[in-house]
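J.: Below: one structure in structure tokens.
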Amino acid sequence: MVISGYLDGYQPPFQRSPLIDGSGVMAHALFWPAFLYTVGGSSSAPSAFDVDPADLSELIDTLLDSDSWPVFSLKLAGRSRLHVIMRNFPEEGGVDYVLDPGNDGGAIPLAAMEGHFRGPALAWSELVAATHQADQGHSWGERLLLLLPSCADSDRPSTAIDMVAAALTSVGAGTDARRVGAELLSSRRYWTQSCQWTTINDVLVCLGSHAYRSLGSELSPSDLRLVTEAFTAGPGHS
């Protein structure tokens, strides 16, 4: 699997790309409790899916395999795609959210979820819009849960937990869906929820100090516009 420009800069250079299509991993019966437990930071996720955390160890090993980095991809507006990459580089592991805008340019970094995090990748309104974009490969609940760990927004509505709980139920969570939803929405592992967004010249930018999507960051104005267009196009759900 190739994501343009994503592996550039690693030393020594990769002789073979470690990126693999994660759709097979995602089809595993235990994928959601494993993903929400590791990437989402929800300690209650295993119990919500009626799974013993010990039963997730084999799949978590697959998610964190240093030789094969699973990539979970979502179609966005136009030709763009969002990639969630399990960056399992030894001693420098994390989860990257990057946008492939579908043009001749390279991938655009949106969030790096690790000890020295960067992000968030998107605002709540963008999460809702992206969740409901047409996607034959993933349900709306799957799209929301893949995107949610990279979302932070102080202006999200009080109904956010209802939407997240519904998404969790749609992928098999049981009676603890609201508890897991609350944990996913309040995780402090990467950033606080006080992150604010604003629109400048029709481009949505983040006011957080760690955001790629901010004025003066390494992203060009054209890249910032491409990201806004990728997430906001589509039906206006709330």
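J.: Determine whether His116 is more than 13 Å from the chain's Cα centre (by Cα) and either more than 20 Å from Gly24 (Cβ to Cβ) or not in a helix (DSSP H, G or I) (or both). Lay out the reasoning, then the answer.
T.: Working: more than 13 Å from the chain's Cα centre (by Cα): yes; either more than 20 Å from Gly24 (Cβ to Cβ) or not in a helix (DSSP H, G or I) (or both): yes.
Judged against the criteria, His116 is a match.
J.: Hey, another quick one. Scan the stretch 5-59 residue by residue and report those that are in contact (Cβ under 8 Å) with a residue 24 or more places away in the chain, over 18 Å from the mean Cα position of the chain (by Cα) and within 18 Å of Asp100 (Cα to Cα).
T.: Result: Gly5, Asp8, Pro18.
J.: In the stretch 162-202, which residues are of a type in the set (Val, Ile, Thr), at pLDDT 90 or above and surrounded by fewer than 19 Cβ atoms within 10 Å (Cβ to Cβ)? Steps first, please.
T.: Residues of the stretch 162-202 of a type in the set (Val, Ile, Thr): 164, 169, 171, 175, 180, 192, 198-200.
Restricting the remaining residues to those that are at pLDDT 90 or above gives 164, 169, 171, 180, 198-200.
Scanning the stretch 162-202 gives Thr169, Val171, Thr198, Thr199, Ile200.
J.: Identify, from the list Val2, Val84, Val95, the residue that is β-branched (Val, Ile, Thr), free of Cβ contacts under 8 Å to residues at least 40 places away in the same chain and closer than 24 Å to Thr228 by Cα. Reasoning before the result, please.
T.: Numbers: Val84 fails: free of Cβ contacts under 8 Å to residues at least 40 places away in the same chain; Val95 fails: free of Cβ contacts under 8 Å to residues at least 40 places away in the same chain.
When all the criteria are applied, what remains is Val2.
J.: Could you run through the stretch 216-229 and say how many residues are more than 10 Å from Pro109 (Cα to Cα) and surrounded by fewer than 15 Cβ atoms within 10 Å (Cβ to Cβ)?
T.: Qualifying residue count, the stretch 216-229: 4.
J.: Quick check on the stretch 78-86. Is at least one of its residues crowded, with 22+ Cβ neighbours inside 10 Å, closer than 19 Å to Phe14 by Cα, in contact with a strand residue (DSSP E or B) (Cβ under 8 Å, 6 or more places away or on another chain) and β-branched (Val, Ile, Thr)? Give the steps one after another, and end with the answer.
T.: Here is the first cut: in the stretch 78-86, the ones crowded, with 22+ Cβ neighbours inside 10 Å are 82, 84-86.
Next cut, closer than 19 Å to Phe14 by Cα only: 85-86.
Checking the rest, the ones that are also in contact with a strand residue (DSSP E or B) (Cβ under 8 Å, 6 or more places away or on another chain) come to 85-86.
Then keep just the ones that are β-branched (Val, Ile, Thr); that gives 85.
Yes: one or more hits.
J.: To continue, here is another question. Just give me the residues in the stretch 120-171 being closer than 24 Å to Ser44 by Cβ, small (Gly, Ala, Ser) and part of a helix (DSSP H, G or I), in sequence order.
T.: Listed by number, the residues that qualify are Gly141, Ser150, Ala160, Ala165, Ala166, Ala167, Ser170.
J.: Considering only residues of the stretch 96-111 that are in a loop (DSSP other than H, G, I, E, B) and touching a strand residue (DSSP E or B) at 6+ places or on another chain (Cβ under 9 Å), which is modelled with the highest pLDDT?
T.: Ala107
J.: Answer yes or no as to whether Ser23 is of a type in the set (S, T, N, Q), closer than 26 Å to His132 by Cβ and exposed (fewer than 15 other Cβ atoms within 10 Å of the Cβ).
T.: Yes, satisfied.
J.: Being acidic (Asp, Glu) and buried (at least 20 other Cβ atoms within 10 Å of the Cβ) is the filter here, so list the residues in the stretch 135-161 that pass it.
T.: The answer is Glu142, Asp153.
The values are calculated or read from the model by the stated rules, or taken from the named source; none is laboratory data. Please read all numbers here as calculations on a predicted model, not as lab measurements. Neighbour counts run over all protein chains shown; Cβ positions are idealised from the backbone, glycine included.
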